[in-house]
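Report on the structure given below.
The values are calculated or read from the model by the stated rules, or taken from the named source; none is laboratory data. Note that the structure is a prediction, hence the values are computed from the model and not measured. Positions of Cβ are generated from backbone atoms using ideal geometry, with glycine treated the same way; all protein chains shown enter the neighbour counts.
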Amino acid sequence: MNGKREAEIYLAQPRGFCAGVRRAISIVEETLARFGAPIYVRHEIVHNKHVINALKQKGVIFINDFAEIEDKKRPVVFSAHGVSKKTEEEATALGLQTIDATCPLVAKVHRHIQRLEADEREIIVIGKPNHVEIIGTVGQARNLEKIHVINSKAEAERLVLPTEARVGFVTQTTLSVDDTLEITEYLKRKYPSIESMKKNDICFATTNRQKAVKEIAGKVEAVLVIGSKNSSNSKQLKETALKAGVPQAFLIDDASELDWKLLGNAKKIGITAGASAPEYLIEDLLYQLRRRYDKIKIIDAIVEQEKVDFKL
């Protein structure tokens, strides 16, 4: 190594596990403790490969369809992303013992879409149509002809609803705060009487993590986001960093995925983690940074103190 290499590491806070993820993982672990292995989980409990692999080693079997269950007497946990009414009814018909680990904030969106349908409104759902959370949210409604899924302002502009229609909307909880605001503000102009939830559907944890990334964006040359590729909120952290002007942003499952050559000679580095990424992955990344730099200075970039904890 030529010369002395030093780096300033900005640790975004909050980062990593949110209250909904902690609750969901705790529910799976409590189910294992009470009933023993194996137990089944419908879809990935959260979108993080390290969490999933650790639970598999403890006896959790992840499924996408009830037909994959070999022993119908074993408990089945619904993931934090929530499931449709049809899925719930199917489980009941099969006589399955189910445990619901749906994030309370997702469940709140579910209740709102049910109220909008009861109010006979056209319902706009802002989110990624193939994301498991959106599938569960849309599946709360019985009349799918009144459901319209959009994921951009351009799609909102192309949306055509009956002139006399009464309209409401909900959003996926893990979207980009800025992008979603652009869509919702447009919808409010297009449909002045549109009904929304009293508070933003995007969860506070997603909002706080994006806010923390924006806080460090002007101070660093690169941002490292710990999170899996199928994690919506983790992908949004990378996009938030780039939109905030950071020259480079990397989404990695762990330190082993980082191409250190691409990081180059960066001396100011921001680090954050998606809401389903465990903190030990951050610790390992810091360990790898210490191996490559002669000296690193850790700077905690705290924008919020999250004190919310959901009961099991």
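A few remarks follow.
- Scanning region 116-144 for residues being of a type in the set (Lys, Arg) and out of contact with any Gly (no Cβ under 8 Å at 6 or more places or on another chain) gives a total of 2.
- When residues in region 153-203 are screened for being surrounded by fewer than 18 Cβ atoms within 10 Å (Cβ to Cβ) and not aliphatic (A, V, I, L, M), 22 of them pass.
- Test: residue in region 47-54 that is outside any helix (DSSP H, G or I) and either hydroxyl-bearing (Ser, Thr, Tyr) or under 30 Å from Ala217 (Cβ atoms) (or both): yes
- For region 120-144, the set of residues classified as in contact (Cβ under 8 Å) with a residue 60 or more places away in the chain and over 22 Å from the mean Cα position of the chain (by Cα) consists of Arg121 only.
- Residue match in region 17-25 (condition: over 26 Å from Ile113 (Cα atoms), touching a residue at least 60 places away in the same chain (Cβ under 8 Å) and among the aromatic types (Phe, Trp, Tyr)): yes
- Which listed residue is under 13 Å from the mean Cα position of the chain (by Cα) and part of a helix (DSSP H, G or I), from Thr180, Thr206: Thr206
- Within region 16-31, being out of contact with any Leu (no Cβ under 9 Å at 6 or more places or on another chain) and of a type in the set (Lys, Arg) holds for one residue alone: Arg22.
- Test: residue in region 65-88 that is at pLDDT 95 or above, at negative phi, of a type in the set (Val, Ile, Thr) and touching a Leu at 6+ places or on another chain (Cβ under 9 Å): yes
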